[in-house]
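This report concerns only the one structure given below.
No lab work stands behind these numbers, since they all come straight from the coordinates. Keep in mind that this is a model prediction, so the values were computed, not measured. When we count neighbours, we look across all protein chains shown, and the Cβ atoms used for this are built from the backbone with ideal geometry, even at glycine.
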Amino acid sequence: MDDSITLPGADWPVLEPGWVWLCGAGPGDPGLLTLHALNALRQADVVIYDALVDASILDWAPAAEHIYAGKRGGKPSADQRDISLRLVDLSRAGRRVLRLKGGDPFVFGRGGEEAQTLVQHGVPIRIVPGISAGIGGLAYAGIPVTHRDVNQSVTFVTGHDQSGEAPSSLDWRAIAAGSQVIVIYMGMKHVERISGALLDAGRPADEPCAVVTAATTGEQNVLETTLGTMAGDIAASGLEPPAILCVGRSVLMRQALDWQAMMAGHPARDLDPLGRGKPAESA
């Protein structure tokens, strides 16, 4: 049965038996799901989902089998190889398989590893990108990941390697020198080492930083801090992962662009946080 969505002006793909679609579910808010991901939910026989996928999204696939395959740092988690091989087995059983991953499956989400395993086993796949937390999560905090008065570059890094330790292969000195804004995924556990490495590499201690936890959800919290005090402020705050860390002057824009606070009736704290004066009129 074809349960694909029907909207004018688009030819929506059909999830065929034996196929696996690897889809991004976005950073948390169900409304940030893409239409292609919704289309997949409507058709799937089985949905294998991650820990950071909002449970209400599964309600959009009521006829599908729901299989939890969450991986959370420091907690009992499914083995990555087992997850990948289960996708293969489900495909070979003729199921229409949706692998639903938080954020974007190809941004620190191990989607590339799963896709590689599937291709190696001859399984047909489709990739459906999602909104990554490093962009969408910061936007919900009122922090533009780029702003032409602040940065012409941004670097996305992970806060831990395959062993769960702070990544040893990263050249923090090069990152500190070469990127005006640094966005760190899964960095809370090793924030002291990461911030220390950036300080040792020459980033100023008073550089603005933000910590966004449970981004885009009703539990979202935002901690505004500085590079020199970030580790201590996180410890004192009691905030818990998942979190996105942002290092750079774009964090200052939250003072003007905290749109969720404005929706609640609170005025902007500073209409010109960068001190650049009134922007030039558009041509």
Dipole magnitude of the chain about its Cα centre (Cβ charges: Lys, Arg +1; Asp, Glu -1), debye to nearest 20: 300
message: Suppose every Lys and Arg Cβ carries +1 and every Asp and Glu Cβ carries -1, with no other charges. What dipole size does segment 20-131 come out with about its Cα centre, to the nearest 20 debye?
response: 200
- prompt: Among ASN151, MET263, GLY102, whose Cα sits farthest toward the positive end of the charge dipole of the chain (+1 at Cβ of Lys/Arg, -1 at Cβ of Asp/Glu, about the Cα centre)?
  reply: ASN151
- line: Volume per residue (Å³) of the convex hull spanned by the alpha carbons of the chain is 166
query: Expressed in whole Å with the largest first, what are the equivalent ellipsoid semi-axes of segment 134-263 derived from the C-alpha gyration tensor as the square root of 5 times each eigenvalue?
result: 21, 17, 13
